[in-house]
Structures are given as C-alpha cells and as structure tokens.
Amino acid sequence: MQLTKAWEACKAEKRIEGFSPHTLNAYRLQANLLVRHFQDIKPQSVTTQGIKDYLALSSEGLKPSSLAHRVRFIRSFFRWLYEEGHITTNPAAKITEPKVGKRIPKFLTEREIEHLREGCHPPMEKALFEFMFSTGCRIGEIVSLDKDCINVGNRSAIVRGKGDKEREVYLIADVIFG
C-alpha cells in the first residue's frame, strides 16, 4: 500500500469516527504535501529522520501553530498506520510539536460595536447582530440554529458548536424580542 491509498483508508475511518468535514479537508491538504514530498512511497519506507527532514524543509515561513497542525496530522496518520498493522514501527512516535504561545483574543471597542449596530438597517440584520453580540455564538452556530431550540420564555437558546457539542446561551438584547 502506498501513502496515497493509506491516506484514503485513514480518511474513510476518520469520517466514520465523526471528524468534521473541515478537519478532514485540512488533513487532506497535509496528506497531499506529505505525499508530494515522499513521492507516494510505501509507508513502511518513511523514517523518523525522513519526517524530521520533511518538517524542516516545509516549515520555512510557517507560524508555529501551522507547523504544530502539520505535526499533529503526521502523528495521527502514522499512529493509525501502526495501529492498523500497515507499518511495524511508528516513525512519528517521537516527533514533538513546537511550542505555541497563547494568543490574546482581539476584541472590539465600544465605539466599533456602536458603528456596527448603526450599520444594521433591516430588523433581521439588527436581530442577528444582537444575537451574535449577546451570546458570543459563531456564525456557523447561528446558521445551523433550529427555531425549536430557542426558548423565548427564559431568553435562551441551545446551540450546537464545534465538535457537535451543545451549549445553552442567554440572550440579553431587547431588539431580538422586541
């Protein structure tokens, strides 16, 4: 089995395990880069030093977080190959992720928030903005929100976030409820 076929089998299993389409797409990009570097050889031929060389060559210009993502993919892929019996030793077992500093979240000033509010003209636009602002929901969470999940009585909603996790959010804006 070559790297390309191994990746296809791994991807199919990850899909069954419930990995999101976004994660699978990001992994597909990493798999393509890996295959391009190693020329679609048999996974058994990949060595720890080969992986280190690949990471050294491909890390130029990457942020530490992007390199860490690449390392996580490689470790996950080769762990899967090892656990499925496609390789006898895992060459990525001792590859470590680079240190990634904590990012300080960016936030809007009160003035910027007011400018955004003023830019909302139709009532629906205004309601969506206030919903996002008061709950902290992502756009994707709002788009997939079912109207049956909104409890007008206690001004809350159940949203489904990343990893298919549900959480309750509370609405504080009067513009939503009129």
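Taking other residues whose beta carbon is less than 12 angstrom from the beta carbon of residue 46, and scoring Lys, Arg as +1 and Asp, Glu as -1, yields 0.
For segment 77-89, the Karplus equation 6.51 cos²θ - 1.76 cosθ + 1.60, evaluated at θ = phi - 60°, returns couplings of 5, 6, 5, 4, 4, 5, 5, 7, x, 7, 9, 8, 9 Hz by residue, with Gly and Pro reported as x. Within segment 136-151, find all residues whose amide N lies under 18 Å from a label point positioned 7 Å from the Cα of residue 120 along Cα-to-beta-carbon. Answer for this model: 136-147, 150-151. The phi torsions of segment 105-120, fed into the Karplus equation with coefficients 6.51, -1.76 and 1.60 and a -60° offset, translate into couplings of x, 8, 9, 8, 7, 4, 5, 5, 5, 5, 4, 5, 4, 5, x, 8 Hz, rounded to whole numbers, with Gly and Pro shown as x.
Set against the labelled values (i) 1.42; (ii) 1.04; (iii) 1.20, Cα Rg over 2.2 N^0.38 Å computed from this structure falls on (i).
Neighbours of residue 21 by Cβ distance under 14 Å: Lys/Arg scored +1, Asp/Glu scored -1, total +3. Counting other Cβ atoms within 10 Å, which chymotrypsin sites (Phe, Trp or Tyr not before Pro) in segment 48-137 have at most 11 and lie in a DSSP loop? Taking segment 48-137 and a limit of 11 other Cβ atoms within 10 Å, the loop chymotrypsin sites (Phe, Trp or Tyr not before Pro) found are 107.
The label point for residue 66 and the one for residue 162, both projected 7 Å from the Cα toward the Cβ, are 1.8 nm apart.
Suppose we look only past 15 Å in the calculated P(r) of segment 3-83. What percent of the Cα-Cα pairs does that tail hold? Value for segment 3-83: 56 percent of Cα pairs lie more than 15 Å apart. Can you flag which of 63/126; 5/63; 102/162; 94/165; 102/147; 14/162 are past 25 Å Cα-Cα? Distance filter (> 25 Å) returns 63/126; 5/63; 94/165; 102/147. Remark on residue 156: its backbone amide H falls under 5 Å from those of 151, 171, a criterion applied only to residues 5 or more positions apart or on other chains, H modelled at 1.01 Å from N.
A Förster radius of 45 Å combined with the Cβ-Cβ distance from residue 2 to residue 144 puts the calculated FRET efficiency at roughly 0.75.
Annotation for segment 127-170 versus segment 38-110: alpha-carbon center distance of 34 Å. Summing +1 for each Lys or Arg and -1 for each Asp or Glu among the other residues whose beta-carbon sits under 11 angstrom from that of residue 140 gives +2. 3J(HN,Hα) couplings calculated from phi for segment 123-140 with the Karplus curve 6.51 cos²θ - 1.76 cosθ + 1.60 (θ = phi - 60°) are, in sequence order, x, 5, 4, 4, 5, 5, 4, 5, 4, 5, 5, 7, 9, x, 6, 6, 4, x Hz; Gly and Pro show x. Dividing the radius of gyration of the alpha carbons in segment 110-177 by their Kirkwood radius gives 0.97 for Rg/Rh. So what is the relative contact order for the chain, in percent, with contacts set as C-alpha pairs under 8 Å and at least six apart? Relative contact order of the chain: 15 percent.
Since every read-out is calculated from the coordinates, none of them should be taken as a lab result. None of the values given here were measured: they were computed from a predicted structure. Here the Cβ is made from the backbone with ideal geometry for all residues, glycine too, and neighbour counts use every protein chain on show.
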